[in-house]
Structures are given as C-alpha cells and as structure tokens.
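Here is the structure we will look at.
Computed from the coordinates by the stated procedures, all read-outs in this text should not be read as laboratory data. Computed from a prediction, not measured in an experiment: that's the story for all the values here. For neighbour counting, all protein chains shown are included, and Cβ atoms are generated from backbone atoms with ideal geometry for every residue, glycine included.
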Amino acid sequence: MTVPPDAFGPQQLDEIVTYFAANGFVRIAGVFSDEQLTVLQADMERCQRDLLLGLLPEQCGTVILDDPDAMVAGEPFAHYVCHCTEVSTIANECAHDPAITSVIERLLGPDAWLLDYERFGVVYQDARPGRESGYSRIGWHTDWQSGPHLDIWPSVAFTVHLDATSPANGFLRVLPGSHLSGTEGIPLGFEKVSGEIAVYCDYGDVLLHDANLWHSAARATEDPPHGVRRHIRGGWHAGTRLAEGHGLDDFVKNAQR
C-alpha cells in the first residue's frame with residue numbers, strides 16, 4: 001500500500017483510479033464548498049427532526065440499522081435517515097456531483113447506477129456514543145456480505161464527511177488490498193487485524209471504497225459535541241438493477257454493533 005501525503009484532488013483521476021485499484025479505497029478532498037456542506041448539514045438535521053415527528057415517508061426510518069428506542073440527552077434520537085436523496089435536494093445533488101460520478105464511471109463503467117430507490121437508499125448517519133444511544137460503532141464487514149445472493153455487484157460506496165474523523169468521534173478501520181482476496185478470515189467482531197490502518201477524513205472529504213473491502217468503524221472516545229460523526233453515504237453499482245419494491249426481507253445484517 002502507498003499512502004498519499006494528503007487526499008487526492010478531484011482532477012487527479014488517473015491517480016485516484018490507480019490508488020483505488022491497489023488499496024480498495026481512496027480519499028478525495030475539495031469536492032464540495034463550505035456553503036454546500038453547510039446547507040447539506042442543515043437539511044440533514046431538518047430530515048432528522050421530521051423523521052422523529054413522522055413527517056417523512058416510512059422508508060426513511062429503519063429498525064434494522066437503528067434502535068427505535070434510542071435516546072440522546074434524554075430525547076428520542078434517529079441515527080439514520082434512509083433515502084435522504086428522496087427528501088433532500090441538496091443530498092441528491094451531492095450524491096450525483098460530477099466529481100464523484102466521473103470517478104465512478106472510471107471504476108464501474110458508464111452504465112453504473114446509484115442504489116437510491118431501494119434497500120436503504122442513500123443514508124444520512126449521525127453516530128455518537130452514549131448509554132442509551134443505539135449506534136456508536138460497527139464491526140468488521142464488507143458491503144458485499146449484505147447481499148451476496150444478489151446480482152447488483154460490483155459496487156463502490158461513497159461517503160461525504162460532515163465531520164472530520166478522529167479518535168475523538170470515531171474513524172474507519174480498513175485492511176488495504178482486502179478487496180482482492182475475498183472474505184475468508186474476516187473477523188466476526190472488532191478484533192485487531194494485521195495490516196489494518198486508520199483512515200482519517202477531513203471535513204468535506206469524499207471517501208470511496210470497494211464493496212469487497214474489509215472495514216469497521218471505531219467507537220468515539222469522547223462525548224458530544226466532539227464525539228459526533230456525521231456523513232451521508234450510498235453505493236453505486238454495475239450489476240443488475242434491483243426491481244422496484246425489492247424490499248429488505250433478504251438484507252443480511254452481518255456486522256456487529
């Protein structure tokens with residue numbers, strides 16, 4: 001693995017593709033302006049509030065990924081807003097930003113499609129620690145394991161970071177190059193993996209990772225506000241499109257929380 005001194009810029013397409021092919025992930029900086037990120041964060045908070053008030057479509061909530069009884073600071077809390085691109089114009093614009101789609105086209109081909117209409121769609125996630133919090137970390141997994149029986153693969157996930165990541169608020173653990181070797185031997189929980197690294201992202205960074213990359217999210221070590229980790233994420237695919245109404249009955253929840 002070769003770790004770049006900093007994230008790549010959106011214009012460095014050849015370098016991005018080369019690094020991704022070898023390592024299974026890549027970090028891209030400078031895709032969005034501070035104004036775009038501010039508007040995106042404000043709208044995601046609006047969606048969070050509306051979800052709790054019952055103002056969003058039913059599919060925007062999830063009891064599969066989230067704890068319906070989650071509480072933060074004594075108040076009901078939603079860690080996830082699913083299908084956020086369907087209820088937020090700015091989220092939809094960010095998910096389809098040319099700086100992202102131009103890389104996706106190089107990685108998956110011109111017919112790649114965004115899974116924003118089925119399963120969980122594009123998701124806004126607000127992870128934070130707390131005794132009654134329903135989400136703070138996630139164990140080792142690959143995205144492919146959530147549906148190994150499906151023909152939607154290959155796939156590349158994108159994450160737009162609305163907080164810089166650190167030990168304080170949690171970060172992504174990855175095993176570089178693991179996308180090339182399958183899932184045999186992948187840990188069932190949060191164990192240390194030989195060769196793993198911490199991927200720290202700055203505010204506004206876009207992280208792309210292969211659906212076969214081994215990854216895990218570390219728990220925050222501080223309480224809010226420094227222990228908050230927010231982002232939107234989704235997956236672009238190059239396999240067979242899921243039919244409308246496919247649903248979540250066959251979703252494989254394989255990662256420990």
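Things to note:
- Sorted by Cβ density within 10 Å, fewest first, the residues Ser166, Ser33, Ser102, Ser178: Ser33, Ser102, Ser166, Ser178
- Note on the chain: with a GNM built from Cα contacts shorter than 10 Å, the maximum mean-square fluctuation among His83, His179, His149 falls on His149.
- Taking the chain and dividing mean pair separation by its residue count, relative contact order in percent (alpha carbons under 8 Å, at least six apart): 27
- Cα gyration tensor shape for the chain, rounded if a/c is under 1.5, else prolate or oblate: rounded
- Note on the chain: GNM, Cα springs under 10 Å; of Tyr80, Tyr19, Tyr124, the largest mean-square fluctuation is that of Tyr19.
- For the chain, the longest site-free run once GluC sites (Glu not before Pro) in DSSP loop states with at most 10 other Cβ atoms within 10 Å are removed: 1-183
- HN-Hα J in Hz across region 17-28 - Karplus 6.51, -1.76, 1.60, θ = phi - 60°, x for Gly and Pro: 5, 5, 5, 4, 4, 7, 10, x, 7, 7, 10, 10
- Summing Cβ point charges (Lys, Arg +1; Asp, Glu -1) relative to the Cα centre of the chain gives a dipole of roughly 620 debye.
- Structure-based [θ]222 nm, the chain - -39500 (n - 2.57) summed over DSSP H runs of at least 4, per residue, nearest 500: -6000 deg cm²/dmol
- Other residues with beta-carbon under 15 Å from the beta-carbon of Thr240 carry, at +1 per Lys or Arg and -1 per Asp or Glu, a net charge of -3.
- Between the C-alpha center of region 227-257 and that of region 1-61 there is a gap of 16 Å.
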